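The values are calculated or read from the model by the stated rules, or taken from the named source; none is laboratory data. Nothing here was measured: the structure is a model prediction, and the numbers come from that model. Reconstructed Cβ throughout: ideal geometry from the backbone, glycine too, with neighbour counts over all protein chains shown.
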Amino acid sequence: MKFKTLAAAAAAAAVITVSSPAFAAGPPYTVSVGGSSASGSHAITAASTGTVQFSARNAGGTVINMNCTSVRGAGTVTSGTGVNPVAAITSTTWTGCSIPGGAATVTHNGTWNITGTGTNATTGNETVAGYVGGANASVQTTANPNICRFTVTGQANGSFNEATQQLSISQTGYTSNLTLSNVVGCLGQLQNGNPANMVANLAVTSPDGAINLS
């Protein structure tokens with residue numbers, strides 16, 4: 001199976017898809033970058049195409065929409081044998097975000113990993129199960145953090161399309177894979193433990209060439 005440029009993101013031609021809340025890691029992979037599977041770390045970047053949709057379902061069952069206009073990410077993909085997780089997202093930059101109380105600032109915390117869970121049954125363009133894990137971001141109203149602030153943590157379903165070089169994050173269903181904590185203010189609309197959804201598509205690039213997974 002080929003895996004051309006993997007993303008940072010939440011990362012021409014494999015798909016990482018998360019399908020189960022169990023998030024069990026898949027088999028280790030041989031990852032080559034630019035045709036070489038020598039052990040190494042290679043930079044990757046990603047930029048959203050279209051609005052980043054983020055929402056939470058509060059304790060009363062109401063869905064609170066809190067979108068961003070764009071997000072950019074950076075990180076690394078690991079080449080070599082016995083690799084999984086296959087990539088890490090070390091930073092993200094979010095713009096045009098809004099939450100209850102107004103415009104918001106989002107701060108990336110820690111390293112988020114992209115882990116495969118599926119087998120590589122065939123070569124060429126295909127889908128491999130996986131997830132973005134260890135997500136952690138602090139969110140607060142830009143003008144005054146006491147109006148609304150919270151932390152988002154957890155894991156997110158997603159897919160990476162080898163043909164289009166697009167990382168798609170699609171955490172839906174309010175399954176509690178992503179949750180809110182440390183909630184302060186937010187006009188009483190959000191509470192600790194609220195499950196969150198996130199949907200975003202990101203175009204991915206790597207300066208070192210195609211990334212292949214086998």
Exercise. Got a sec? Which of ALA12, ALA24, ALA46 is assigned to a loop (DSSP other than H, G, I, E, B) and either at pLDDT 50 or above or within 30 Å of GLY188 (Cα to Cα) (or both)?
Worked result: ALA24
For this session: Take ALA59 and decide whether it is out of contact with any helix residue (DSSP H, G or I) (no Cβ under 6 Å at 6 or more places or on another chain) and modelled with pLDDT of 95 or more.
Result: yes
Problem set entry | Residue check for LEU190: over 15 Å from THR45 (Cα atoms) and crowded, with 20+ Cβ neighbours inside 10 Å | yes
Seminar exercise, completed: Considering the range 121-142, residues that are over 16 Å from the mean Cα position of the chain (by Cα) and at pLDDT below 95, and then whichever is surrounded by the most Cβ atoms within 10 Å (Cβ to Cβ), we arrive at GLU126
Problem set entry | Pair list, Cβ under 7 Å, 6 or more apart: the range 164-187 residue under 30 Å from ALA210 (Cα atoms), other residue of a type in the set (Phe, Trp, Tyr) and part of a strand (DSSP E or B) | LEU167/PHE160
Problem set entry | Residues being crowded, with 19+ Cβ neighbours inside 10 Å and assigned to a strand (DSSP E or B) - total across the range 193-214 | 11
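Out of curiosity, is SER181 among the polar types (S, T, N, Q), within 23 Å of THR105 (Cα to Cα), assigned to a strand (DSSP E or B) and at pLDDT 95 or above?
On the way: among the polar types (S, T, N, Q): yes; within 23 Å of THR105 (Cα to Cα): yes; assigned to a strand (DSSP E or B): yes; at pLDDT 95 or above: yes.
For SER181, the condition - among the polar types (S, T, N, Q), within 23 Å of THR105 (Cα to Cα), assigned to a strand (DSSP E or B) and at pLDDT 95 or above - is met.
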Exercise. Among the residues of the range 154-175, is any under 16 Å from THR105 (Cβ atoms), among the hydrophobic types (A, V, I, L, M, F, W, C), buried (at least 17 other Cβ atoms within 10 Å of the Cβ) and modelled with pLDDT of 90 or more?
Worked result: no
